[in-house]
Amino acid sequence: MENLIITAREDTIVKKLIVVLSIFGMVFGSACGGTKQLKSTPTIEASATSTSVPATETPIPTKTAIPTETPIPTITPTPLPYVENYINGLDLGPYLTGDPNSGESISESELRDLIERVAPYTFWIRTYGTENGLEYAGAIAGEFGLPLAATAWLGTDLEANRSQMESLIEMAKNDEVNLAIIGNETLLRGDLTARELMIYIDWFKEEVPNVPVTTTDVWAELKQYPELIESMDVVAVNIYPYWDNVKLENSISSIQTWYEEAKATVESISPEKEIIIAETGWPSCGKNGDPASQQYYLANLNAFAEEMGIDYFWFEAYDEAWKVEYEGEAGACWGLWDNQEQLKPEIEKFFSGDIDETIVEAAGEPSLELTYIPLMGDTDDLEGMVHFVNPDDYRVAVYIYVPDAGGWWTKPFYDYPLTEIDEGGYWSCPIITGGIDDQATKIAVFLIPAGYTPPLAAGLSSLPQSLYNASVSEIEVSR
């Protein structure tokens, strides 16, 4: 399941290219089609004159007009918009005015129009429900080279749940589903228990074992059920700093804090399982919502996700007016397109790259990540990444703790206490450089400003507090 969306994104780009080339192929093929056959040239027979000397004139052929070919109409492909900033995925609620809770449905043609409009801007589509017109979503998304994350909408009505699941399974068996989502926030609403959700997940796995499956909910609910996390192919979380009353300027930092906690938790339950953001967004109206705030959150979220390698779905594609009744004014304006299907001006600037660069701040707090920790006895280098810093402005300081050598030691060498960071944020440091370094039981790593000289350690019982004060991020691990 790892890199599911990245792989699908590559497939999507290829599919979109094929669609464009096929259109031009049709145009070229029409223009270069076979020529029409000319009609045979008629002749006029001359009649003999009544003279004493009969003579036969040679028939003179008349000029034959060469028929002109009927102009062949050319097909002009609809120009694709210029997009500099793409979105990983879009959550699509197609009910722009009518309330689906009152039985609203959507036609296949209406759904196609909605998907076609957003297709150039995203790599995935997610839908909510598998009936009332949404059963066509996978086939339509495929027409535009988009993979589909289809959600079976589950609640307290067991018959309705069965119908949703059967439709989802049928779609998946027809190769129209790339990620199956079994229920959305059913734990948060209290509609189903974790065990009941797992029964539905197992049902889907038995019917369609080749399609990845998950459920989506808030992290506060999911983290309570390790067995549910283990049953998922990918952990999909809905996270909304807006609804958590987080200030806009702190919104991305709050996501970073959540992600680091979630990553550690998931790693302890099901190592290397991917975590994605299934829903997040910011409204363009209502309390603390406006077009500039929505653009700010989207731009910084996108920068954060790219930096951290997290795939996300933006909630949502279109404004849905009916949500005012349930969520207040802000409920009707989470979309990037309004309910008249017009792309919002501030969002159009984001897609085209025409935004004030100053609004895209350091999207998260400076941080360190250890990507490879050698086992005791190994001679491999320690490896890691830094995030949300300019690599030219920072260095990494590494120390190892060797009990039988008196304590903490500077690495890689006493004379070379700093490790440089490449432009992509990657760094590596030899930690086995002599003596009994391979017996080190602890490793400490500090991200420090480039102008700072770290304290040198050659058997220190503890590292100086001044090092922690100067560091913008630090990690200590035992092994």
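When the residues of region 445-479 are filtered to those that are under 15 Å from T419 (Cβ atoms) and among the hydroxyl-bearing types (S, T, Y), which remaining residue is surrounded by the most Cβ atoms within 10 Å (Cβ to Cβ)?
S471
Can you tell me which of L134, L158 is within 21 Å of R112 (Cα to Cα) and either in contact (Cβ under 8 Å) with a residue 60 or more places away in the chain or not acidic (D, E) (or both)? Step through it out loud before you land on a result.
On the way: L158 fails: within 21 Å of R112 (Cα to Cα).
None of the other options fit; the residue is L134.
Every residue in region 205-233 that is in contact (Cβ under 8 Å) with a residue 40 or more places away in the chain, crowded, with 20+ Cβ neighbours inside 10 Å and of a type outside the set (S, T, Y), please.
Across region 205-233, the qualifying residues are I229, M232.
Has region 309-320 got any residue that is under 17 Å from the mean Cα position of the chain (by Cα) and either more than 22 Å from D244 (Cα to Cα) or surrounded by fewer than 20 Cβ atoms within 10 Å (Cβ to Cβ) (or both)?
Checked against the condition, which is being under 17 Å from the mean Cα position of the chain (by Cα) and either more than 22 Å from D244 (Cα to Cα) or surrounded by fewer than 20 Cβ atoms within 10 Å (Cβ to Cβ) (or both), region 309-320 yields at least one hit.
Please specify each residue of region 260-307 satisfying the condition of being over 25 Å from Y86 (Cβ atoms) and buried (at least 22 other Cβ atoms within 10 Å of the Cβ).
Within region 260-307, just V266 meets the criteria.
Answer yes or no as to whether I140 is within 30 Å of L298 (Cβ to Cβ), in contact with an Asp or Glu (Cβ under 8 Å, 6 or more places away or on another chain) and β-branched (V, I, T).
Spelling it out, I140 is indeed within 30 Å of L298 (Cβ to Cβ), in contact with an Asp or Glu (Cβ under 8 Å, 6 or more places away or on another chain) and β-branched (V, I, T).
When you look at I373, is it within 30 Å of F304 (Cβ to Cβ) and touching an Asp or Glu at 6+ places or on another chain (Cβ under 9 Å), yes or no?
For I373, the condition - within 30 Å of F304 (Cβ to Cβ) and touching an Asp or Glu at 6+ places or on another chain (Cβ under 9 Å) - is met.
For region 170-269, which helices (runs of 4 or more DSSP H) that fit wholly inside it have 1 or more residues that are in contact with a Ser or Thr (Cβ under 6 Å, 6 or more places away or on another chain) and over 18 Å from R126 (Cα atoms)?
Passing ranges, in order: 194-207, 226-231.
So in region 84-120, with the set limited to residues that are hydrophobic (A, V, I, L, M, F, W, C) and part of a strand (DSSP E or B), which one is farthest from L134 (Cα to Cα)?
I87
From the set of residues in region 101-118 that are touching a residue at least 60 places away in the same chain (Cβ under 8 Å) and aliphatic (A, V, I, L, M), which is nearest to G138 (Cα to Cα)?
Among those residues, the one meeting the criterion is L114.
When region 86-115 is examined, which residues are found to be surrounded by 13 or more Cβ atoms within 10 Å (Cβ to Cβ) and within 15 Å of A332 (Cα to Cα)?
D91, L92, G93, P94, Y95, L96, G98, D99, P100
Of the residues in region 290-319, how many are assigned to a loop (DSSP other than H, G, I, E, B), within 20 Å of W124 (Cα to Cα) and free of Cβ contacts under 8 Å to residues at least 60 places away in the same chain? Full working, then the answer.
Pass one, region 290-319, residues assigned to a loop (DSSP other than H, G, I, E, B): 290, 309-311, 316-317, 319.
In the following step, the residues that additionally are within 20 Å of W124 (Cα to Cα) were identified as 309-311, 316-317, 319.
If we keep only those that are free of Cβ contacts under 8 Å to residues at least 60 places away in the same chain as well, we get 309-310.
Residues flagged as assigned to a loop (DSSP other than H, G, I, E, B), within 20 Å of W124 (Cα to Cα) and free of Cβ contacts under 8 Å to residues at least 60 places away in the same chain within region 290-319 amount to 2.
Taking P283 and the conditions (1) at pLDDT 95 or above; (2) assigned to a helix (DSSP H, G or I), which numbered condition does it fall short on, given that it satisfies the others?
Among (1) at pLDDT 95 or above; (2) assigned to a helix (DSSP H, G or I), the lone unmet condition for P283 is (2).
So which residues in region 161-182 are among the acidic types (D, E) and in contact (Cβ under 8 Å) with a residue 60 or more places away in the chain, if there are any at all?
Of everything in region 161-182, nothing turns out to be among the acidic types (D, E) and in contact (Cβ under 8 Å) with a residue 60 or more places away in the chain.
The values are calculated or read from the model by the stated rules, or taken from the named source; none is laboratory data. The shown structure was predicted, so the numbers you read here are calculated from the model rather than taken from an experiment. Neighbour counts are summed over all protein chains in view; Cβ atoms, including those assigned to glycine, are modelled from backbone coordinates with ideal geometry.
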